[in-house]
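Enquirer: Below are the structure tokens for one structure; questions will follow.
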Amino acid sequence: MSTFNGRLQNPELNFIAIDDFKPNNHDASVFFVSHAHSDHLEGFGKYGGTLFDSNSNKTLYCSSITKRLLTVKFPNIQVDSNVVSIDVGEPCILHSPRKNSDGTSPLITVSALPTLHVLGSVMFLFECQDITALYTGDFRIHNASDVSKMKWLHDKDGKPLKITDLYLDTTFADKLYNWFPKRDDATAKIIELSEEWLDRSLNHHVSLSIVAYYGYERLIMDVSKKLNTKLLVNVDDFPHFKYISEMDGSVIFYSKSSSYRETKRPRIDSNNRSGRIHVCFCRRKGVKRCDFCSNSSYKVREVKPCAFSFNLKPYDHANIISEKTENGYTNYKVAYATHCSLTELRCFINYLKPTNIHPSVVPDSNSAEQIVALLLDNAFELNNSFDVNNCSDPSHTETENESDTSDALSLESPPI
Ligand SMILES: [Zn+2]
Ligand SMILES: [Zn+2]
């Protein structure tokens, strides 16, 4: 949960506010949103309409997918021409309201870079005079090889940019979260658990249990593609999916008012999986069980991607799933993280060697100084037997240079 207050500490960039629209930031003239998670849209629902209406002289920059999601999430707010979508790798130039001694305005170059956190999420690189500040927003990047693929973080000779200020997503900067498997590995495990269950009989169903309104879209697309069937989605739970055209081939919508079963019998696909795997919101505390999970004639296996309940040592592939038996069925959690583990954060910092680190997530139990000390603790590698200069997984058969994972590709091309 982001605790960033919206302002970069560099005075040269003080006219900019990021991911926070509360009144203390209304004196900013330019705003940025890294992605559409609610902790990065503080105050937008209340103030966004007036801050960015057509009479306003304020501008908000975000990715095109985030702009689309804002219109779905806040239907009462006209996301007007003052909300500008920017593309990955296409820098925009801002004029600072401060004046140089010759009366000219300093120019600030801003680039949006991929983060692999959720669909449409970006980080922002601000470059001006002596300042190179990187605000990561939320991000998941695995190792030095991944960072080296991000050409925007390198100068024309291929050397890493000298980052003066790194505003870092420290959600998992904690010894509890030393390591998470790559998302491709977690996705493969989710597919394996689902396929094994679906193949038992036509009465076997899978509940892909999602606890967040937004953030698992790519997982859903990957599961659909690999299992060769569309996943059922209650449009009342996930209305924004309708506006993400990239998901059209992966999901079938139904609604509470007209249940899927009543309105439409599933067409049997070639592998008999139609209508037998649904994206489920119902296991969230206090939410009524969905039509599928509560149907006593179905045998339902819950498969739940999550990160918080795992405490893994680096490369501990044997323990990336946990199981629990409920009502006679074994349900599974799979370690699936959309933020960097502590190990990945240390690799990122070791590669870029920023001058200053500003944690963006500081829980009450910790101080920013303690988090930075943990990120820079030299004893960490010794205790966890990994090489911070590389961070590649020794047990992984694929070499980093041969990597053709969708994660790696997304770093080299704009996110969809
Ligand atoms: Zn997020
Ligand atoms: Zn369900």
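Enquirer: Would you please give the FRET efficiency between K99 and H154, computed as 1/(1 + (r/R0)^6) with r the Cβ-Cβ distance and R0 = 25 Å, to the nearest 0.05?
Expert: Numbers: r = 32 Å, r/R0 = 1.27.
Given R0 = 25 Å and the Cβ-Cβ separation, E is 0.20.
Enquirer: For region 181-232, rounded, prolate or oblate, judged on the Cα gyration tensor with a ≥ b ≥ c (square roots of eigenvalues), a/c < 1.5 rounded, else prolate if a/b > b/c?
Expert: prolate
Enquirer: Percent relative contact order of the chain, based on C-alpha pairs within less than 8 angstrom and at least six residues apart?
Expert: It comes to 19 percent, rounded to a whole number.
Enquirer: Using a ≥ b ≥ c from the Cα gyration tensor of the chain (square roots of the eigenvalues), is it rounded, prolate or oblate, where a/c under 1.5 gives rounded and otherwise the larger of a/b and b/c decides, a/b for prolate? Each step should come with its number before you reach the end.
Expert: Working: a/c = 2.09, a/b = 1.38, b/c = 1.51.
It comes out oblate by the Cα gyration axes.
Enquirer: Can you give me the C-alpha center-to-center distance between region 102-118 and region 322-343, rounded to a whole angstrom?
Expert: 38
Enquirer: Go ahead and collect, in residue order, the members of region 165-200 whose backbone nitrogen is under 13 Å from a label point 7 Å along the Cα-Cβ direction of Q9.
Expert: Residues 165-168 fall inside that zone.
Enquirer: So which residue, out of V33, V235, V88, gets the largest mean-square fluctuation from a GNM of the chain using Cα contacts under 10 Å as springs?
Expert: V235
Enquirer: How charged is the neighbourhood of S29? Take every other residue with its Cβ under 12 Å from the Cβ of S29, and add Lys/Arg as +1 and Asp/Glu as -1.
Expert: Computed value for this residue: +1.
Enquirer: A further question follows. In debye to the nearest 20, how big a dipole does region 56-172 give about its Cα centre with +1 on each Lys and Arg Cβ and -1 on each Asp and Glu Cβ?
Expert: Values: 12 positive and 12 negative charges, 44 e Å.
Once rounded to the nearest 20, the dipole reads 200 debye.
Enquirer: Rounded to the nearest 500 deg cm²/dmol, what is the calculated helix-only ellipticity per residue at 222 nm for the chain, with -39500 (n - 2.57) per DSSP H run of length n ≥ 4?
Expert: Taking each H run of at least 4 residues, the total per residue is -5500 deg cm²/dmol.
Enquirer: Just add up the charged neighbours of L69: K/R +1, D/E -1, any other residue whose Cβ is under 12 Å from the Cβ of L69.
Expert: Working: positive: K67, R68, K73, K242; negative: E217.
It works out to a net charge of +3.
Enquirer: Among V118, I131, L107, which residue has its Cα positioned farthest towards the positive end of the charge dipole of the chain, with +1 placed on the Cβ of Lys and Arg, -1 on the Cβ of Asp and Glu, and the dipole taken about the Cα centre?
Expert: In the chain, that residue is V118.
Enquirer: Now, a different point. Using amide H atoms built 1.01 Å from N in the peptide plane, name the residues 5+ places from Y167, or on other chains, whose amide H lies under 5 Å from its own.
Expert: L134, Y135, T136, H358
Enquirer: Further question on the same structure: For the pair N272 and A373, how long in nm is the line joining their label points, each one 7 Å along Cα→Cβ?
Expert: So the two model labels end up 6.1 nm from each other.
Enquirer: Just tell me which lysines come within less than 27 Å, Cα to Cα, of K159; anything on the same chain fewer than 8 places away is out.
Expert: Candidates past the 8-residue exclusion: K149, K151, K182, K353.
Enquirer: Now, a different point. Can you list the lysines whose alpha carbon is less than 16 Å from that of K225, not counting same-chain residues fewer than 8 positions off?
Expert: Leaving aside lysines fewer than 8 places away in the same chain, those within reach of K225 are K189.
Enquirer: Oh, and also: Over region 105-228, what is the mean sequence separation of C-alpha contacts under 8 Å (at least six apart), divided by residue count, expressed as relative contact order in percent? Walk me through the intermediate numbers first.
Expert: Working: 127 pairs, mean separation 24.9, N = 124.
In percent, rounded to a whole number, it is 20.
Enquirer: Treating only the Cβ of Lys, Arg, Asp and Glu as charged (+1, +1, -1, -1), what charge dipole size does the chain show about its Cα centre? Round to the nearest 20 debye.
Expert: Rounded to the nearest 20 debye, it is 1740 debye.
Rule-based calculations on the coordinates, nothing more; no lab input. Predicted model, so just to flag it, every value in this text is computed and none were measured. Reconstructed Cβ throughout: ideal geometry from the backbone, glycine too, with neighbour counts over all protein chains shown.
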